[in-house]
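Student: Please read through the structure below; I'll follow up with questions.
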Amino acid sequence: MEALLAIVIGVLYASGVYMLMRRSIVKLIIGLALLAHGASLLVFTAAGLTRAVPPVIPFGEKAITGTVADPLPQALILTAIVISFGVQAFAMVLAYRAYQTVGTDDLDDMKATDT
Amino acid sequence: MIVAVLSGFVLALLAPSLYRLSPRWAGCVFSLFPAALALYFLSHMEGVVAGEAVRVTYPWVPAMGLELSFNLDGLGLLFALAITVVGTLIITYAGSYLHGHPSLPRFYLFILMFMASMLGVVLSDNLIALFVFWELTSITSYFLIGFEHDKDTARAAALQALLVTGTGGLALMAGVLLMGQIGGSFEISALASDNAALHGHHLYPLVLALVFAGAFTKSAQVPFHFWLPSAMEAPTPVSAYLHSATMVKAGVYLLARFSPVLGGSDIWLYVVTGFGAATMLVSAYQALYQTDLKKILAYSTVSVLGTLTMLIGLGNKLAIQAAMVFLMAHVLYKAALFLVAGSIDHETGTRDVRQLGGLRKTMPIICAGAAIGALSMAGLPPFFGFVGKEALYEALTHDNMLVTVVGVLTSMLLFAVAWLAGIRPFSGEETHTPKHPHDPPWTMWLGPVFLGCLSVLFGLMPALPEKLLSAAAGSVLGKEVHMHLALWHGFNPLLVLSLVTFALGVLVYLNVDRLQKVTEFALPAVRRGPSHWYALWLRFLNWSAAGQTRVLQNGYLRLYLGTIMTVTAVLAWYTVLAQADVGVIEFNWGDIGIHEWVLGVVTLVASIATVRAQTFLRAVMALGVVGYSVALFFVLYGAPDLAMTQFLIETLSLILFVFVFYYMPPFKRFSTRGVILRHVAIGTAVGALFTLLVLVATSVQWHPTISTYFSQNSYLMGQGRNIVNVILVDFRGFDTLGEITVLAVAGIGVYSLIRLRLGKGGGS
């Protein structure tokens, strides 16, 4: 199953990087989103995949006894998802306001500092 | 001794605050410090002239075997005394000269710092320390030349001096490091006692070239001499101190100090002598053409520096002795003449020699100081300048005809220049000047008068400085020297040569206008030459810097990203292929269930559809599919918390996307086919790299995972059953706090961007 996810991650990264290099600022933000998905899956997969049960201690127990999914990468990814949402939301509004001010969504027209 | 050198830096830093305590007396109080240092160095005189150098070392960077070592021998003592004695007079003088100047505290800061650095240069025995102090003198000189920083010319001159001496400084650094590497020690005394390794090494010519570059730029040798006359933009005390008495002699000092280490070879002889001879003649000639009093003195200083360089190049006993005598004579008369020029400028409001005349009536004391300085500079008896010139002639006539001719011609020109600068402003009829002149306060005539007295005293009794000069020459030659100086040597060829010089000098002075006309054709070549090259070089630097910025800082995000991604991909691919064991990767297709296949293919198709979408809505839809598929992957592999968050956030993102981008224009095709192909290639390279990295990363496990700790202690310590939650709010609680803060900041940013009213209305 790692092989499948590795390919999915690769395609997500490839499309994310490609979109980052577009001139349209909207596509750039979409690229950011694709890259964020790729990064989440990368951490998730690199830490090792299991089809085991979620990392929750059953009632009546004091600690994990059987095999469970690794909780640490999950905690990291949770943080990553939320942060990338914050970044995307800010970037979207910024792009929108920039479009309103400059009158274009072409990054090449936003080069100068005094437009 | 370390206290003597470094206390100057401390005082320099305190100077601006101390100045505010008593602006009126600050100059006099600060001048007590170099005076005290001068007494300290004088107290070592007896031991040093007896041949006992004072050497102290302190550990500096023990790990690198570096020591902060100071060595007070004859040469060091001669320079240290020049620095501190002239320093005392200069600081006293500056208090009145710059009286009321708003930046006076800053002046004290830099001049004291310069003095400490200069002492460091002449006393350091360690090459690295010497280099550091050397650079500090360049930097303080930069600030002092640009002291009147609201003047364009002062700033340009400061920059010019810094660039010229700084470039030389870099060369010197390379030279010093090479010397240390080849010679096996960074201590000059150690290198001097065993210089065979350096002389025999095949890089010896390179070391010489680098050291020469440093020394010649600092001591303003042709063709680097142009910065020194420009540096006359500095206040006169600075010109007198840095650009005549001390800093510009650092290059001469360096050559003298290094001559036991590097000297004695044919290259040394011809290069140093040649540069020195060219400098002394060319700049003495140029001095004749100046009308600014300070520039006349500046060119004559360059000429003397050339003479000293030539003598050190010759390197025999007579030449080194003559260099030391000549150096002392120059310090005494030139500093005095500069201070006189400053007083004239201060009192009359002009430094143009064509406008000055008859000042002997209005400024009698200054006139006396100027006359002694000028007569000493002209080499007339009974002043010390005469003793210096006799020593020079003795050394030159013992060498060869060519240097003798150069020496006589230069002395002849300097004779005329001395008259021009030191006698003419005081003689003749009184002229009309912008200000009505009178003698300045005692602080401003003390310097020229004191130095003038020394010129007379040492001239009449040359035995007084004899021992110190012998010790100084001795430390250059590396053996004991006993020289005998006398004012009267009897009737001998040297006296005839002197008389010839005086006669020629008078002739030149009387016919200076005619001479200027006759030799005018040569002027553009020597005057415009090097400074013009400097201007061209500066233009080239600016041009190439602007070009690089245009190429590298082009303002296109896609080019930056493309560069970064390409470099990363190439380096990482190379590393992975060269280092990682690709054999450990196993493609295991068998354990993938049918539902996983379906999900995988859906993700792939959706992500490609996002890229290829022609309208905004399709792109966002496809992106949504990708997001939800990722959430489903989380469900499949035991991460329900992630899945929930992902579903929520994805939904929120989609709504925001649609909400915001509803107002954006439809997609346009900006890129050409070639650009798209190139970007696809970069993207593919990066994507494939990550596929490979995932496969490598999942095949190896170097360290035991720390998750076991969390799993074991989640309930016991965190009182929670959901381990992911306990990690977030308990074990890594501060991370979560940071995350919430980021989210809050982003929220504030979004809110304020939406509320912000741009354009005509101004702020909201």
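The values are calculated or read from the model by the stated rules, or taken from the named source; none is laboratory data. What you are looking at is a predicted structure, and each value in this text was computed from that prediction instead of being measured. Here the Cβ is made from the backbone with ideal geometry for all residues, glycine too, and neighbour counts use every protein chain on show. Keep in mind that these areas ignore ligands, DNA and RNA; they rest on the heavy atoms of the full protein, side chains included. Shrake-Rupley method; radii C 1.70, N 1.55, O 1.52, S 1.80 Å.
Student: Out of A:T113, A:T50, I need the residue that is facing chain B (nearest Cβ under 7 Å) and either at pLDDT below 90 or within 21 Å of B:Y662 (Cβ to Cβ) (or both). Which one?
Tutor: Criteria check complete, one pass: A:T50.
Student: Go through the stretch B:387-432 and count every residue that is surrounded by 20 or more Cβ atoms within 10 Å (Cβ to Cβ), β-branched (V, I, T) and within 22 Å of B:I344 (Cβ to Cβ).
Tutor: Here the count works out to 1.
Student: Considering only residues of the stretch B:581-593 that are more than 20 Å from B:F690 (Cβ to Cβ) and facing another protein chain (nearest Cβ under 9 Å), which is least open to solvent (accessible area, probe 1.4 Å)?
Tutor: Looking at residues that are more than 20 Å from B:F690 (Cβ to Cβ) and facing another protein chain (nearest Cβ under 9 Å), I get B:G593.
Student: Looking at B:V680, is it surrounded by 18 or more Cβ atoms within 10 Å (Cβ to Cβ) and of a type in the set (A, V, I, L, M, F, W, C)?
Tutor: Against the criterion (surrounded by 18 or more Cβ atoms within 10 Å (Cβ to Cβ) and of a type in the set (A, V, I, L, M, F, W, C)), B:V680 does not qualify.
Student: Then there is this: Pick from A:A39, A:A33: which is at the interface with another protein chain (Cβ under 7 Å from one of its Cβ atoms) and either in a helix (DSSP H, G or I) or in contact (Cβ under 8 Å) with a residue 40 or more places away in the chain (or both)?
Tutor: The conditions single out A:A33.
Student: From the list B:I139, B:I182, B:I145, which one is over 17 Å from the mean Cα position of the chain (by Cα), on the phi < 0 side of the Ramachandran plot and among the aliphatic types (A, V, I, L, M)?
Tutor: The conditions single out B:I182.
Student: Taking the condition farther than 23 Å from B:L599 by Cα, of a type in the set (G, A, S), more than 13 Å from the chain's Cα centre (by Cα) and within 7 Å of chain B (Cβ to nearest Cβ), does A:A63 pass?
Tutor: When the stated conditions are applied, A:A63 passes them.
Student: Still on this model: Please identify the pairs in which a residue from the stretch B:182-206 that is farther than 19 Å from B:I128 by Cα and free of Cβ contacts under 8 Å to residues at least 60 places away in the same chain has its Cβ atom under 6 Å from the Cβ atom of a residue that is open to solvent by less than 60 Å² (accessible area, probe 1.4 Å) and of a type in the set (G, A, S), counting only partners at least 6 apart or on another chain.
Tutor: B:A197/B:G183
Student: Every residue in the stretch B:556-565 that is open to solvent by 60 Å² or more (accessible area, probe 1.4 Å) and either more than 8 Å from every other protein chain (Cβ to nearest Cβ) or assigned to a helix (DSSP H, G or I) (or both), please.
Tutor: Within the stretch B:556-565, B:L557, B:L559, B:Y560, B:T563, B:I564 meet the criteria.
Student: Let me ask something else. Looking at A:Q74, A:Q100 in this structure, which one is within 8 Å of another protein chain (Cβ to nearest Cβ) and under 14 Å from the mean Cα position of the chain (by Cα)?
Tutor: The unique qualifying residue is A:Q74.
Student: Can you pull out every residue in the stretch B:594-620 that is assigned to a helix (DSSP H, G or I), more than 8 Å from chain A (Cβ to nearest Cβ) and open to solvent by 40 Å² or more (accessible area, probe 1.4 Å)?
Tutor: B:I594, B:H595, B:V598, B:V601, B:V602, B:V605, B:A609, B:R612, B:L617, B:R618
Student: Within the stretch B:41-50, identify whether any single residue is over 29 Å from B:V238 (Cα atoms), charged (D, E, K, R) and in contact with a Phe, Trp or Tyr (Cβ under 7 Å, 6 or more places away or on another chain), and answer yes or no.
Tutor: Scanning the stretch B:41-50, I find no residue that is over 29 Å from B:V238 (Cα atoms), charged (D, E, K, R) and in contact with a Phe, Trp or Tyr (Cβ under 7 Å, 6 or more places away or on another chain), so the answer is no.
Student: Does B:A578 qualify as being facing chain A (nearest Cβ under 10 Å), under 17 Å from B:L692 (Cβ atoms) and either at pLDDT 85 or above or more than 35 Å from the chain's Cα centre (by Cα) (or both)?
Tutor: no
Student: Turning to a different aspect of this structure: Quick one: which of B:L642, B:L623, B:L656 is part of a helix (DSSP H, G or I), over 22 Å from A:V17 (Cβ atoms), open to solvent by less than 30 Å² (accessible area, probe 1.4 Å) and at the interface with chain A (Cβ under 7 Å from one of its Cβ atoms)?
Tutor: B:L642
Student: Can you list residue pairs whose Cβ atoms sit under 6 Å apart, with the first residue in the stretch A:1-19 being on the phi < 0 side of the Ramachandran plot and at pLDDT below 95 and the second being buried (at least 24 other Cβ atoms within 10 Å of the Cβ) and acidic (D, E)? Count only pairs 6 or more apart in sequence or on different chains.
Tutor: none
Student: Can you spot a residue in the stretch B:334-341 that is open to solvent by 10 Å² or more (accessible area, probe 1.4 Å), of a type in the set (K, R) and not in a loop (DSSP other than H, G, I, E, B)?
Tutor: No: zero hits.
Student: Whether any residue in the stretch A:16-24 is within 18 Å of B:L654 (Cβ to Cβ) and either facing chain B (nearest Cβ under 7 Å) or not in a helix (DSSP H, G or I) (or both) is what I want to check.
Tutor: yes
Student: Something else now. For residues that are assigned to a helix (DSSP H, G or I) and within 17 Å of A:A6 (Cα to Cα), tally how many sit in the stretch B:573-593.
Tutor: Result for the stretch B:573-593: 5.
Student: Here is a follow-up. Find the residue count for the stretch B:683-720, including only residues that are buried (at least 16 other Cβ atoms within 10 Å of the Cβ) and in a loop (DSSP other than H, G, I, E, B).
Tutor: 1
Student: Okay, next question. Do you know which residues across the stretch A:11-24 are touching a strand residue (DSSP E or B) at 6+ places or on another chain (Cβ under 8 Å) and open to solvent by 20 Å² or more (accessible area, probe 1.4 Å)?
Tutor: A:R23
Student: Here are A:L42, A:L5, A:L32: which of them is open to solvent by 50 Å² or more (accessible area, probe 1.4 Å) and either among the hydrophobic types (A, V, I, L, M, F, W, C) or closer than 24 Å to B:A606 by Cβ (or both)?
Tutor: Criteria check complete, one pass: A:L32.
Student: Oh, and also: Can you tell me which residues in the stretch B:125-153 are touching a Phe, Trp or Tyr at 6+ places or on another chain (Cβ under 7 Å) and either of a type in the set (F, W, Y) or more than 16 Å from B:V248 (Cβ to Cβ) (or both)?
Tutor: Of everything in the stretch B:125-153, those that are touching a Phe, Trp or Tyr at 6+ places or on another chain (Cβ under 7 Å) and either of a type in the set (F, W, Y) or more than 16 Å from B:V248 (Cβ to Cβ) (or both) turn out to be B:D125, B:N126, B:L127, B:I128, B:F143, B:F147.
Student: Does B:T651 count as open to solvent by 10 Å² or more (accessible area, probe 1.4 Å), of a type in the set (S, T, Y), more than 10 Å from every other protein chain (Cβ to nearest Cβ) and assigned to a helix (DSSP H, G or I)?
Tutor: Answer is yes for this residue.
Student: Going by the conditions given, is B:A277 surrounded by fewer than 24 Cβ atoms within 10 Å (Cβ to Cβ) and among the small types (G, A, S)?
Tutor: Here the answer is yes, as B:A277 does meet what is asked.
Student: A follow-up question, please. Can you tell me which residue within the stretch B:289-322, out of those that are closer than 19 Å to B:V512 by Cβ and of a type in the set (D, E, K, R), is surrounded by the most Cβ atoms within 10 Å (Cβ to Cβ)?
Tutor: B:K294
A quick yes/no check of all residues on (1) part of a helix (DSSP H, G or I); (2) surrounded by 15 or more Cβ atoms within 10 Å (Cβ to Cβ); (3) among the small types (G, A, S):
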| site | (1), (2), (3) |
| --- | --- |
| B:L39 | yes, no, no |
| B:G47 | yes, no, yes |
| B:E52 | no, no, no |
| B:L78 | yes, yes, no |
| B:A82 | yes, yes, yes |
| B:I90 | yes, yes, no |
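Each row is one residue, and each column tells you yes or no for (1) part of a helix (DSSP H, G or I); (2) open to solvent by 50 Å² or more (accessible area, probe 1.4 Å).
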site: A:L49; (1), (2): no, no
site: A:P58; (1), (2): no, yes
site: A:K62; (1), (2): no, yes
site: A:S84; (1), (2): yes, no
